[in-house]
Amino acid sequence: MSEPTEPKPKPARINVELPNELDATYANLALISHSASEIIIDFARVMPNKPKARIHSRIVMTPLNAKLLLRALADNLNKFELKYGEIQIPENIMIDPEKGFTK
């Protein structure tokens, strides 16, 4: 006869604060690198006809949190495409490990 299992406790709900003065920053370029213990995502903005981009934000996270972010992004993109249609990636977009997404 097996012992009854106790129900797993629900994860604590995190109260997230969104400050009124928080600035949103537009990025159309992301450079991603990693070490043995972290994933680094640098965000930049590329202006038309300018061969230079300046990184304006850096996010550093654990590989586990990066994988959870990947899962959340995939889920949200799937919901977006179900509502608005498939996002078409132009054929001239290249993913370059040294430069990020390029045309």
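The values are calculated or read from the model by the stated rules, or taken from the named source; none is laboratory data. Quantities reported herein were computed from a predicted structural model and do not represent experimental measurements. Cβ atoms come from the backbone with ideal geometry, glycine included; neighbour counts cover every protein chain shown.
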**Study point:** Residue count for the stretch 35-90, restricted to those that are assigned to a loop (DSSP other than H, G, I, E, B) and touching a residue at least 40 places away in the same chain (Cβ under 8 Å)
**Key:** 0
Check your understanding: How about the stretch 80-91: which of its residues are exposed (fewer than 10 other Cβ atoms within 10 Å of the Cβ) and within 28 Å of residue 23 (Cβ to Cβ)?
Key -> 83, 84, 87
Review point. Of the residues 66, 53, 74, which single one is surrounded by 11 or more Cβ atoms within 10 Å (Cβ to Cβ), small (Gly, Ala, Ser) and modelled with pLDDT of 95 or more?
Key: 66
Review point. Which of the residues that make up the stretch 5-53 are touching a Phe, Trp or Tyr at 6+ places or on another chain (Cβ under 6 Å) and either acidic (Asp, Glu) or closer than 21 Å to residue 64 by Cα (or both)?
Key: 30
